[in-house]
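Working notes for the structure below.
The values are calculated or read from the model by the stated rules, or taken from the named source; none is laboratory data. This structure is a prediction, so every number in the text was calculated from the model and none was measured. Cβ atoms come from the backbone with ideal geometry, glycine included; neighbour counts cover every protein chain shown.
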4 protein chains.
Amino acid sequence: MAGSVFGTIFRIMTWGESHGKGVGVTIDGCPAGLSLCEEDIQQYLDRRKPGQSRFTTARQEGDQAELLSGVFEGKTTGTPIALIVRNQDHRSKDYKAIKDVYRPGHADYCYDAKYGLRDYRGGGRSSARETIGRVAAGAVAHKLLSHYGIQVDAYTKSIGEISVDPESFDLAKRDTNHLYMPDEEAAKRAAAFLDQMIREQDSAGGVVECLIRGVPAGIGEPVFDKLDASLARAVMSIGAVKGFEIGDGFAAARSRGSANNDEFFAASDGTIQKHTNHSGGILGGISDGGDIIFRAAFKPTPSISRPQQTANRNRENVEIAIRGRHDPVVVPRAVVVVEAMAALTVADHLLMAGAAKIGRPANRPAL
Amino acid sequence: MAGSVFGTIFRIMTWGESHGKGVGVTIDGCPAGLSLCEEDIQQYLDRRKPGQSRFTTARQEGDQAELLSGVFEGKTTGTPIALIVRNQDHRSKDYKAIKDVYRPGHADYCYDAKYGLRDYRGGGRSSARETIGRVAAGAVAHKLLSHYGIQVDAYTKSIGEISVDPESFDLAKRDTNHLYMPDEEAAKRAAAFLDQMIREQDSAGGVVECLIRGVPAGIGEPVFDKLDASLARAVMSIGAVKGFEIGDGFAAARSRGSANNDEFFAASDGTIQKHTNHSGGILGGISDGGDIIFRAAFKPTPSISRPQQTANRNRENVEIAIRGRHDPVVVPRAVVVVEAMAALTVADHLLMAGAAKIGRPANRPAL
Amino acid sequence: MAGSVFGTIFRIMTWGESHGKGVGVTIDGCPAGLSLCEEDIQQYLDRRKPGQSRFTTARQEGDQAELLSGVFEGKTTGTPIALIVRNQDHRSKDYKAIKDVYRPGHADYCYDAKYGLRDYRGGGRSSARETIGRVAAGAVAHKLLSHYGIQVDAYTKSIGEISVDPESFDLAKRDTNHLYMPDEEAAKRAAAFLDQMIREQDSAGGVVECLIRGVPAGIGEPVFDKLDASLARAVMSIGAVKGFEIGDGFAAARSRGSANNDEFFAASDGTIQKHTNHSGGILGGISDGGDIIFRAAFKPTPSISRPQQTANRNRENVEIAIRGRHDPVVVPRAVVVVEAMAALTVADHLLMAGAAKIGRPANRPAL
Amino acid sequence: MAGSVFGTIFRIMTWGESHGKGVGVTIDGCPAGLSLCEEDIQQYLDRRKPGQSRFTTARQEGDQAELLSGVFEGKTTGTPIALIVRNQDHRSKDYKAIKDVYRPGHADYCYDAKYGLRDYRGGGRSSARETIGRVAAGAVAHKLLSHYGIQVDAYTKSIGEISVDPESFDLAKRDTNHLYMPDEEAAKRAAAFLDQMIREQDSAGGVVECLIRGVPAGIGEPVFDKLDASLARAVMSIGAVKGFEIGDGFAAARSRGSANNDEFFAASDGTIQKHTNHSGGILGGISDGGDIIFRAAFKPTPSISRPQQTANRNRENVEIAIRGRHDPVVVPRAVVVVEAMAALTVADHLLMAGAAKIGRPANRPAL
């Protein structure tokens, strides 16, 4: 197993470390006939690229995706789509100092305990660079979903204590600021807060919210493979995520049934709709036709330059001050990663849903 | 797929509906040599049984588990362990009235959209009765984990706005009250609140917290099968759960790196430990040797007897008042279900972890 | 894992031992809307039942299937279908004598080596009784396939050296004799041969052939999940099977390309067809629209009453003469098991095939 | 799904087409701590490389493997191992002529029926070039198995009617001839036969045999994941394989129990052994400690230059004469592919076997 495979029908395997030759992903199970080119993938990778603002690491990476297989004459062929991004800028020397030291808040000690050794260069496999494979595969999932009229959009909901004001929320404003907040005023205050964090050699956390529109009712499997359970697993698998909630989430635990239930109504066009959306678009693990909306809590970046106490491989207590290039907050660059995981999850469930009931033969080719 | 399978090595499949002949589970992959009897399972089923207090449905079910296979001379044989609980008390007539009506907050409409038909008796497969299979399999997982020194305990953290007081927290007090709160004073206030809910024909939500002790460092797979991602999926797959968080969870999003990082130290016994546990026992998806602690948010019971507006299969807008037997809160009976899902998840990861590094041959029998 | 799960979308888990409380299977992923009743399953179980002729064990088992879940008002609901068959006639005392002895040709020693213990009563999980779960699930798969115009038929091709004469082959004659041979003359000679085997306290092997009609072109996945590879795994997983071949099979290895290639032609109805069928209906792992035809080689029943040399758990060399009820050949009762495994395999691939190319949304419910 | 994933714990995903940018494989689940370098992989790739004799296609490919991830300081880290081989020599123009024509014996028509389009250049994904990923991953599996004392060796058993003489069998002679036959005299006769096939614009099939030594008793899962069933699926998934048999295989179907049973004995060293090996080293799906031995039947190369009748995409009947570079027999180059699939299968089962029984904690790190 070893954890680098995701999905049942639309299935991906990612690979690569922070300071190895590159990172990549292979997708098996993308349906044939979808238009796809490198640019479709590159536009998503560009959104997670480092070096875009003073709040993201200065590491210079082109992060150019090369499409190696699975596309012929501009269309997917139904066979595996391999994507690779070569690493360009690896200053491994930065990491020699922490070779034997367990950085607080990082997985260094856990990897050592699990594997008996670890690639100490930039976190190795546990580096945020691992998410390039997710984003590249997610781009293909987005393309597939858009064919079926489904749109996935994530954005920064809050950084530290500074949240988007629901009154000012405007998704169209998300890309006007480096923090990907759909509220320009909140973005300015968050930027000031992050400048303070940098001065204080500290870091901040935040919340990403994700909106999925266009999912028809009936997607998701009962019991263990509920659509929201799958989304939770997908999003919690992103490094630094410590919480997940859908619809009203933890607030629902303090609510009452009469307030939390969404009443249905038959609309004039013959569809079943809901007056409210406390459920976040999923009931009993299956989409209810409403917008799907969920949130992910990200912890503060563990790499901070102020001194910390810790231990090393030799069981000695030592002090560490982490040098190198680190974002004071991971949230802005994680937005596109959350989108990717949501898109991969919904794409996989959408393809699975075709087998839910009998009807015309599943695949009686017209040939 | 269809969602009723959980786990990779320690793998279960559950089955059964609220008003069918029974519910059950089969476990494939439980290691041979574990002592197991029906009583090991029954004690967990008894904790989720209805009819234990005025806050749980009056439905009378013996819920007696029958062990059908996989155990010989008191020990597991390594082959599938099948467990069945017969349904006894099914008053299907209760549900005729809602046969064609989509209950707010329930999955009725979603099942219809997905399958083109549904078992309308008590929610069918989406009934909370489905959790019997989880609890029965979880009991076996608990037995396996205890062999390795691992203990899983969940409890009610809050009901509505009433929370356990951290100062009064005493796990030993959990089973002294029907709400499974480890704080007798909070339990009394919560009981009063629930009485009010019953009077107001309404319902409440709440939070379950789970503590897992004894997990060695190094359990969990990187990237997509992180231990916390697996726990999130497992717990979010329980009906009515709307949120999951580990360690400091959503509060971590408002914290700072300097406060949120847990500093390591080398203890005098040669082990690596942490001064604090903001991480909740997992870093980078792999256990760090500390206690694992997570919370799940449950929404209020959607079945309330006060009238609600909704729609039916014929696309007519109708009013519904749900009769029958319903808990004003699902949390107390869900405690043992959360424990079960946690135990199943950790057991599966523990067995997987044996393949992480080379060493002595994985299975060189002594015979 | 532990091996008792089969399939990806149409997924089953079987359980049960020869002398436990019963055997059974749960099916997860059968599409909703299929008509199904116990009689659909019973008719297949009756074909594998013991005690039907002097060549099958005299063990008296009703082998009545009970349908426990997943069907409502005569239709599958899309949720798990649980089936159980209680064991009735277990004379465990028959097996005390071989409790510590490793029977030649059986898995006794292998189970002991793997698990450190074994259920010695009648082979436990390795008993042919395990196939009841396969046949019961296979019956559901047959029902699903027939909805799509697919028919699976197996028959005895040979017993020992006695084969069906291709000139006399008549599938309609298969059920006229207890050996399930579609050639009455061959069946008579095989019966005489088996009488001889009984007299000589010996046993025979044989070959089962399976014909699958109506599979459209395009079913099967490339590379590792080829339809023929999946069939091979499915059929080789039946106890006592030692070989599998499709189309011309091993004879193809002695043929030439010019003779072995099936030439295509465009038929007057616009379909692509083949003049011959050396391929056995599958090319590159994907169905080519022709009949699928494969064969399975069964070894002679290992339980024979003549004395054999062997060893026991205490590492002593001993002599054994197996008492009890044993068929002189397993082939006739295995015919329906081969059919079941073929049906399960094709059903799973058929459901998977719906995701091969983009088109109308996979599941845009009409509701 | 889509078929390009193999294995449960030691899991691989392959990708790539004949005339795309390259082919490759990623391995997830290789235990940490194994010494590994590119040369370990290259030596196996060199054995399947084209252009080595007059019986293999003249296509010139360096087939140099590049190791992209998962190895640090010469050891596997437990994270995914990505391997890529760039395609160098693609004369796509060779294939324009057959763009719309369905070649007899190839999967052209089946891919079109399944996907609605196909990469017609050299068979695309269905090309034998796809096996590079298998061989590269197999090389890592071989390295892992050798750590546990397990050795996998395949060889050409027959080409057309010409078989290795059991009297002359000498595994050490296998690599002395381009046909990989462990009998130099048979190799000479086979070479003459293949020259004849080339003159006659025809092709031949053959049989590959594989010997696996050193597998301890107890490896393999019961019921559906029997070790021999897994091997059958693995080997039947290689293009052109039409049959699989283990031990005495189809001959066992004509044998008797008294002759086919392998009697056990307790050896003086306290181990349980068998006097004979009709079983081929597996009983009840679980290794019995003896050598595992199986055979695979390969059909004749379907690409022959003599004219054949067929149909095209436009439903026209046409004649085709296949130009380009094609082996008169695939068997010699397939030997290393069979070895790879066997090694991958045994490695995965070996890692799985560690979870069969309880004992010391599966992973209690010494840290």
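For every residue, the table says whether it meets (1) surrounded by fewer than 22 Cβ atoms within 10 Å (Cβ to Cβ); (2) small (Gly, Ala, Ser).
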position: A:196; (1), (2): yes, no
position: A:211; (1), (2): yes, no
position: A:235; (1), (2): no, no
position: A:265; (1), (2): yes, no
position: A:273; (1), (2): yes, no
position: A:281; (1), (2): no, yes
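Scan segment D:110-135 for residues that are surrounded by 23 or more Cβ atoms within 10 Å (Cβ to Cβ), small (Gly, Ala, Ser) and under 20 Å from residue C:349 (Cα atoms) and the total you get is 2. Taking residues in segment D:210-223 that are among the basic types (Lys, Arg), and partners anywhere that are not in a loop (DSSP other than H, G, I, E, B), the pairs with Cβ atoms closer than 6 Å and at least 6 places apart or on different chains are D:213/D:151. When segment A:283-308 is limited to residues that are assigned to a strand (DSSP E or B) and in contact with a strand residue (DSSP E or B) (Cβ under 6 Å, 6 or more places away or on another chain), the one that is farthest from residue A:109 (Cα to Cα) turns out to be A:292.
Looking only at residues of segment D:110-163 that are within 13 Å of chain C (Cβ to nearest Cβ), in contact (Cβ under 8 Å) with a residue 40 or more places away in the chain and in a loop (DSSP other than H, G, I, E, B), we find that the one that is nearest to residue D:183 (Cα to Cα) is D:160. Here residue D:327 passes the criteria (1) in contact with a helix residue (DSSP H, G or I) (Cβ under 6 Å, 6 or more places away or on another chain); (2) more than 30 Å from residue B:140 (Cβ to Cβ); (3) at pLDDT below 95 except the one numbered (1). Scanning segment D:1-44 for residues that are in contact with a Phe, Trp or Tyr (Cβ under 6 Å, 6 or more places away or on another chain), surrounded by 24 or more Cβ atoms within 10 Å (Cβ to Cβ) and more than 19 Å from residue A:24 (Cβ to Cβ) returns a single hit, D:3.
The set of residues in segment A:246-263 that are under 23 Å from residue B:307 (Cβ atoms), facing chain B (nearest Cβ under 7 Å) and either touching a Leu at 6+ places or on another chain (Cβ under 7 Å) or part of a helix (DSSP H, G or I) (or both) comprises A:252, A:257, A:258, A:260.
Does segment A:225-233 contain at least one residue that is surrounded by fewer than 17 Cβ atoms within 10 Å (Cβ to Cβ) and either among the β-branched types (Val, Ile, Thr) or in a loop (DSSP other than H, G, I, E, B) (or both)? Working first, answer last.
Let us first name the residues in segment A:225-233 that are surrounded by fewer than 17 Cβ atoms within 10 Å (Cβ to Cβ), namely none.
No: zero hits.
Within segment B:344-363, no residue that is closer than 22 Å to residue A:224 by Cα and among the aromatic types (Phe, Trp, Tyr) sits with its Cβ atom under 9 Å from a residue that is assigned to a helix (DSSP H, G or I) and at pLDDT below 95 at 6+ positions apart or across chains.
Quick check: is even one residue across segment C:332-351 within 10 Å of chain D (Cβ to nearest Cβ) and either closer than 23 Å to residue D:278 by Cβ or assigned to a loop (DSSP other than H, G, I, E, B) (or both)? No, the conditions are met nowhere in segment C:332-351.
Residues in segment A:136-170 that are surrounded by 15 or more Cβ atoms within 10 Å (Cβ to Cβ) and either of a type in the set (Val, Ile, Thr) or at positive phi (or both): 8 in all.
When restricted to residues that are in contact with a His (Cβ under 8 Å, 6 or more places away or on another chain) and among the acidic types (Asp, Glu), segment A:226-259 contains 1. Whenever a residue of segment D:179-204 is touching a residue at least 60 places away in the same chain (Cβ under 8 Å), its partners that are charged (D, E, K, R) and in a loop (DSSP other than H, G, I, E, B), lying with C-beta atoms within less than 7 angstrom and at least six residues away or across chains, give the pairs D:201/D:306; D:202/D:306. Annotation: of all residues in segment B:264-282 being farther than 22 Å from residue B:210 by Cα and assigned to a loop (DSSP other than H, G, I, E, B), the one that is farthest from the chain's Cα centre (by Cα) is B:268. The residue that is surrounded by the most Cβ atoms within 10 Å (Cβ to Cβ), among those in segment C:309-331 that are more than 7 Å from chain D (Cβ to nearest Cβ) and of a type in the set (Val, Ile, Thr), is C:331. Here segment C:89-109 is the region considered, the condition is being within 11 Å of chain D (Cβ to nearest Cβ) and in a loop (DSSP other than H, G, I, E, B), and the residue that is nearest to residue D:350 (Cα to Cα) is C:107.
So is residue D:174 of a type in the set (Lys, Arg), assigned to a helix (DSSP H, G or I) and either at pLDDT below 95 or in contact with a Phe, Trp or Tyr (Cβ under 7 Å, 6 or more places away or on another chain) (or both) or not? Answer is yes for this residue. Can you name the residue in segment A:185-221 that is over 24 Å from the mean Cα position of the chain (by Cα) and among the polar types (S, T, N, Q) and is also farthest from the other protein chains (Cβ to nearest Cβ) among such residues? Residue satisfying both the conditions and the ranking: A:196. Determine the pairs where a residue that is farther than 30 Å from residue A:3 by Cα and at the interface with chain A (Cβ under 9 Å from one of its Cβ atoms), located within segment B:281-308, has a partner that is assigned to a strand (DSSP E or B) and among the charged types (D, E, K, R) with Cβ atoms under 8 Å apart, the partner being 6 or more residues away or on another chain. Once the first residue is farther than 30 Å from residue A:3 by Cα and at the interface with chain A (Cβ under 9 Å from one of its Cβ atoms) and sits in segment B:281-308, its partners that are assigned to a strand (DSSP E or B) and among the charged types (D, E, K, R) give B:299/B:242; B:300/A:256; B:308/B:319.
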